[in-house]
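The values are calculated or read from the model by the stated rules, or taken from the named source; none is laboratory data. Source: prediction; values computed, not measured. Note that each Cβ is placed from the backbone with ideal geometry, even for glycine, and that neighbours are counted across all protein chains shown.
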Amino acid sequence: MSEWISVNERLPEIPADAPPFRRYVQVLATWGDGTQVAEMWWRGNPYAKTEKGQQARFMWQGRNSPWTVTYWMPMPAGPGKGASNA
């Protein structure tokens with residue numbers, strides 16, 4: 001599994017070739033003392049009317065995150081073909 005990455009170090013990268021309606025990346029995120037973890041989206045909105053509105057941000061359940069995210073990590077890969085359930 002990946003290590004936690006500080007938002008001060010770097011932010012998730014949205015694939016440059018993603019179509020406008022898929023400009024996001026799914027991540028695990030934490031905030032505060034790090035005991036809470038949630039699945040979030042790092043998402044930009046190319047259709048927003050202002051530059052600020054177009055900027056990427058952490059989203060949770062379809063809305064801007066109510067928490068100030070401090071660390072994130074890429075989503076772990078799911079079990080693939082041939083994975084054992086040991």
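Values for this structure:
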quantity: Qualifying residues in the stretch 53-66 (those that are touching a residue at least 24 places away in the same chain (Cβ under 8 Å) and touching a Ser or Thr at 6+ places or on another chain (Cβ under 9 Å)) - the one nearest to E3 (Cα to Cα); calculated: F58
quantity: Unmet requirement for G44, which otherwise passes all of (1) in contact with a Pro (Cβ under 7 Å, 6 or more places away or on another chain); (2) of a type outside the set (D, E, K, R); (3) touching a residue at least 12 places away in the same chain (Cβ under 8 Å); calculated: (1)
quantity: Pick from the stretch 1-23, criterion in contact (Cβ under 8 Å) with a residue 60 or more places away in the chain and of a type in the set (S, T, N, Q), ranking: surrounded by the most Cβ atoms within 10 Å (Cβ to Cβ); calculated: S2
quantity: Counted residues, the stretch 3-47 - those being over 22 Å from W67 (Cα atoms) and not acidic (D, E); calculated: 9
quantity: Residue among G34, G62, G80 that alone is loosely packed, with under 13 Cβ neighbours inside 10 Å and at pLDDT below 85; calculated: G80
quantity: Candidates T70, T50, T35 - the one that is in contact (Cβ under 8 Å) with a residue 60 or more places away in the chain, out of contact with any Cys (no Cβ under 6 Å at 6 or more places or on another chain) and of a type outside the set (A, V, I, L, M, F, W, C); calculated: T70
